[in-house]
Structures are given as C-alpha cells and as structure tokens.
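Everything on this sheet refers to the single structure shown next.
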Amino acid sequence: MFQITPAFSVPLVYAKLDDCAELNRQLRDLFLAREAEGDKYRNPEPIVSRNKQLFESNFRLFDWPQPACAKLRDFCWANLYRAIGELNSYDRAMLMKLHIQHQSWFHITRRGGFFGAHNHAMHSWSGVYCVKHDGDDPASDSGRLTFINPQASATMYLDMALANMKPPYAMSPRSLRLEPGQLVIFPSWLLHEVLPFEGEGERITVAFNARFMLDGAQPLDVPLG
C-alpha cells in the first residue's frame, strides 16, 4: 500500500459580505473622519513595524455606537462562531457557552504603507475584513496580506526533491489580495504581514482578535509557591 496524507494543517476561513458597497462607504467615511482627529483615535502604543503611510486606530472599534460598526461586527462574529463550530464539531448549545472578548481596529494605508510580520498574542482567532483596496495593479504584490508558512524552518535544506511540492505541502507563504467585502479568519498564532501598498488611493481594512471563556468554567484553585 502507498498513501500520502497531510499530517498538519492551518485553517484559513473565507467569507464574503454581499451587497457591501453602502456599508463600506459608511465605514470609509467614518474612518477618514476619525483619522483626521489624529491622536484621539490612534493606537497609542504601536508595537509592530509600520510607517507613517499607515494609520492604525485604537482597539475598540466594535464598541463604537455607529450602526455600520455594529453591522460589520455581527457579520464577523457570525462567521467566526460558524468556523469554530465546524472546526470543533460544536453544536449551537455549546457555542452559546463561549463568551467572546475582543480587540478590533481599522487600518488606512496609503502609497508606500506596510505592516511588518507579527502574530496576535493572547488570543485564539483573528480576522481581517476589506473595506477598500484599489488604485494599484491587481496582479502585483501591492498591499497583499501574506501569511508566513509555519513550517518555514523546513527550508533549512532545499533541493529539487522538495522545492516544487504542491499545496498543502508547499513551503511558500500564502499571499492574498483582499477584495471589498471579503473576510479572512485565521489562528492568532499564525505570522502574517501586509506588503507595501503601491496604489494611488487607499487600502482600508478592519481587523479583530478574539478569545473565549467557557460559561461555568472556573480557574483551578492551586496554591502559589
């Protein structure tokens, strides 16, 4: 018998919001207005490498009162809970016991803006929703959300017996040009980056981190020391 099976895999979850043009217009107008207010809505403690061509908001976006923020939040949570249910074989009763805690924010990126490689500590799932991406060459690497292969260390030795393996065994990164209305959800530990945006317009995205507490779960009563 001869058999090849994948031993490990990383889930990427894709969803698309239909009829998103009006919502995205409202979000863009809101985000540009908040950017114009400067430090009031800016992330006060940036950690990941970026430049002045990228504006990052504070991390409370889904708590803002505007209906557009609530609509996008509900779309993201519906798809996140669906993904968790399918990947863990949880029924609705179990999912209702998972209480979400989150961070959420937006990016406005202009020509030359980038966001360095990073992951999202202390969370289980993260996501990126595209509000706008235009004004550049769709065939280029401009503004692509790029996931770094977690098996990159396997390239310590590379010959032609390994170099051209097909997915899911390929060692290359996974690079995505997000379209308006598109959402991608991924494990928070997965390293990713945004390549420099070379458009004349704007690349606008919303991102979130999520972690969960199980209803009724209690911390272990273990004495310290």
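Every number here is computed from the coordinates shown, using simple stated rules; none is lab data. Predicted model, so just to flag it, every value in this text is computed and none were measured. Heads up, the Cβs are rebuilt from the backbone with ideal geometry, glycines too, and the neighbour counts pull from every protein chain shown.
Rounded to the nearest 500 deg cm²/dmol, what is the calculated helix-only ellipticity per residue at 222 nm for the chain, with -39500 (n - 2.57) per DSSP H run of length n ≥ 4? Intermediate results must be reported in sequence, preceding the final value.
Working: 3 runs with 42 residues, N = 225.
It lands at -6000 deg cm²/dmol.
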Using the Karplus curve 6.51 cos²θ - 1.76 cosθ + 1.60 with θ = phi - 60°, work out ³J(HN,Hα) for each residue of region 68-74 in order, rounded to whole Hz, and write x for Gly and Pro.
4, 5, 5, 5, 5, 4, 5
With a ≥ b ≥ c taken as the square roots of the eigenvalues of the C-alpha gyration tensor of the chain, please select rounded if a/c is under 1.5 and otherwise prolate if a/b is larger than b/c or oblate if it is not?
oblate
Residues with beta-carbon under 12 Å from that of residue 34, excluding residue 34: net charge, scoring Lys, Arg +1 and Asp, Glu -1?
-1
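Set the Förster distance to 45 Å, then compute FRET efficiency between residue 200 and residue 153 from the Cβ-Cβ distance, nearest 0.05. Mind dumping the intermediate values first?
On the way: r = 39 Å, r/R0 = 0.86.
About 0.70, to the nearest 0.05.
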At the level of C-alpha centres, the distance separating region 24-76 and region 147-225, in angstrom, is 21 Å
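Stretch residue 48-residue 36 to full length: gain in nm at 0.36 nm per residue minus the Cα-Cα span?
On the way: separation 12, 0.36 × 12 = 4.32 nm, distance 2.21 nm.
Length gained, residue 48 through residue 36: 2.1 nm.
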Could you work out how far apart the two model spin labels at residue 114 and residue 16 are, taking each label as a point 7 Å from the Cα in the direction of the beta carbon, and quote it in nm?
3.0 nm
If we count every other residue with Cβ under 13 angstrom of residue 76's Cβ, Lys/Arg +1 and Asp/Glu -1, where does the sum land?
+3
Cross-link table 132/166; 16/71; 16/97; 16/166, entries beyond 24 Å C-alpha to C-alpha:
132/166; 16/97; 16/166
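Find how much the distance from residue 94 to residue 218 grows on full extension, using 0.36 nm per residue of separation minus their present alpha carbon separation; answer in nm with one decimal. Intermediate results must be reported in sequence, preceding the final value.
On the way: separation 124, 0.36 × 124 = 44.64 nm, distance 1.66 nm.
Extending this stretch completely gives an extra 43.0 nm.
Give me the number: length gained by fully extending residue 86 to residue 66, i.e. 0.36 nm times residue separation minus the C-alpha to C-alpha distance, one decimal in nm. Provide the component values of the computation, followed by the final result.
Numbers: separation 20, 0.36 × 20 = 7.20 nm, distance 3.08 nm.
So the chain would gain 4.1 nm between residue 86 and residue 66.
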log₁₀ I(q)/I(0) of region 1-82 at q = 0.12, 0.25 Å⁻¹, via Debye over equal Cα point scatterers, no solvent, to two decimals?
-0.54, -1.26
